[in-house]
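Notes follow the structure.
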Amino acid sequence: MNQQLKEKLHRTFIEYYGSGDRPVNVFHAPGRVNLIGEHIDYNGGYVLPAALEFGTTLLIGARDDDRISLSSAQFPERAEFAYGQLPGAKSDQWTDYPTGVMVTLQQAGYPLSRGYDLLFHGEIPNGSGLSSSASIEVVTAFALLTLEGHPVDRKQISLWAQKAENAYVGVNCGIMDQFAVANGKKDHAILLMCDTLEFELVPFQTGNYKLVIGNTNKRRGLVDSKYNERRSECETAVNELKAAFPELTLLGQLNRDQFAQHAGLIASETVRKRAKHVIEENERVLQSVQKLKENDLAAFGRLMRESHLSLRDLYEVSCFELDVMVEEALKIPGVVGSRMTGAGFGGCTVSLVREDQIERFVREVGEAYEKATGLEAAFYVCGVGNGAEQIE
Ligand code: GLA
């Protein structure tokens, strides 16, 4: 984070909470982009996300009393409560994310021992599908566990952050976002096995190719209901495939051949398409890691393109805006791959673009996108950053 911003945030902190004779610590957690392996985490397969270089910064200072006070540099809503009386129900404000984390930590046997003032500064556009919620959850858990002197176990933090999102905020997400935000490493992608949470940091060295994230700025209206619908379609597929695989609990446990032999057990054609995406996308993740290790970016790019088509045609979670952005991206020379990233129905695309073409990419994809959709896109040229960390 640059010095100017840090100083500005310290000034805002003092404006909100007074100076006081106490240390103010600074923590950061990134957003994430998923390179490949979409809608796989809740199916217990492999995903390949990476942490971004921007995310959520938290300034936090201990108080003399028992109050927890939450404020944001972006949103006017604030919340205050006693640490022993955490709000039991959500308020449908941004403050639900940190509150949910405190409730989850308390339930896990890590209640707070004193009051704190917290000021959040978020750099991830909300609703963009770059995990602003996982970022604020993870930075909260990381900071509180650190200041309370508890062990900071990143795997455990991601599970608690996911639980806050599932049980308190009420969004039925998988583990990928919180895990990536907690465990990311600069210039590495994370190959995560979502069933066991075993992971490997895979060097993401793309030479003169850069990740360009394209924000469709399309509101992701249907995302929650469709997300839950896809999850239950996958459960249906598992139940029907049990006739051939009695031990099966998650689609990620099947390989392509096993699926091809028994796909006929799935009654609905739609559900069969959903399952086919999961089986093939899961394999594409491992192939991608192989290609990245071989430094074969062209092959990795092909897998990204296949992933997008599968999400569009089989899993049906893309939308007009995402498809236009991907199609326009692939028209620019020097683009090896492009796909939607995240849950879908809006949000962002991720493309791998040769450096000398980035200016043209931003201009031409932006213009064509606006012409086709009437929406203004935003682009972020982004390196891969670290997971959650203490800055001061
Ligand atoms: C959202 C969820 C993740 C994951 C992706 C799709 O980002 O939060 O858990 O399921 O969608 O890959």
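The values are calculated or read from the model by the stated rules, or taken from the named source; none is laboratory data. Keep in mind that this is a model prediction, so the values were computed, not measured. As a convention, Cβ positions derive from the backbone with ideal geometry for all residues, glycine included, and neighbour counts pool all protein chains shown. Heads up: the accessible areas ignore ligands, DNA and RNA and are worked out on the full protein's heavy atoms, side chains in. Shrake-Rupley method; radii C 1.70, N 1.55, O 1.52, S 1.80 Å.
Could you tell me which of the residues Leu58, Leu5, Leu35, Leu48 is in contact with a Pro (Cβ under 7 Å, 6 or more places away or on another chain) and among the aliphatic types (A, V, I, L, M)?
Result of the check over Leu58, Leu5, Leu35, Leu48: Leu35.
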Task: Selection within the stretch 125-168 - open to solvent by less than 10 Å² (accessible area, probe 1.4 Å) and either of a type in the set (A, V, I, L, M) or more than 15 Å from the chain's Cα centre (by Cα) (or both) - done: Leu130, Ala134, Val138, Val139, Thr140, Ala141, Ala143, Leu144, Leu145, Ile157, Ala161, Ala164
TODO: Among the residues of the stretch 280-302, write down those that are over 16 Å from Val202 (Cα atoms) and surrounded by 23 or more Cβ atoms within 10 Å (Cβ to Cβ).
DONE: Glu281, Asn282
Open item on the list: Whether any residue in the stretch 230-245 is touching a His at 6+ places or on another chain (Cβ under 7 Å) and part of a loop (DSSP other than H, G, I, E, B) is what I want to check.
Closed with: yes
Open item on the list: Given the criterion of a type outside the set (Val, Ile, Thr), in contact with a Phe, Trp or Tyr (Cβ under 9 Å, 6 or more places away or on another chain), modelled with pLDDT of 95 or more and within 16 Å of the ligand (Cβ to nearest atom), identify the matching residue among Ala377, Ala343.
Closed with: Ala343
Task: Those residues of the stretch 120-176 which are polar (S, T, N, Q) and either within 13 Å of the ligand (Cβ to nearest atom) or on the phi > 0 side of the Ramachandran plot (or both), in sequence order - done: Ser128, Ser131, Ser132, Ser133, Ser135, Ser158, Gln162, Asn166, Asn172
TODO: Restrict the check to the stretch 88-96 and report whether at least one residue is modelled with pLDDT of 95 or more and either in contact with a Pro (Cβ under 7 Å, 6 or more places away or on another chain) or under 27 Å from Val384 (Cβ atoms) (or both).
DONE: yes
Open item on the list: Here is a list: Arg363, Arg284, Arg302. Which entry is in a helix (DSSP H, G or I) and without any contact (Cβ under 8 Å) to a residue 12 or more places away in the chain?
Closed with: Arg363
Open item on the list: Please list, ordered by residue number, the strands (runs of 3 or more DSSP E) wholly in the stretch 1-112 having 2 or more residues that are within 16 Å of the ligand (Cβ to nearest atom).
Closed with: 25-36, 46-62
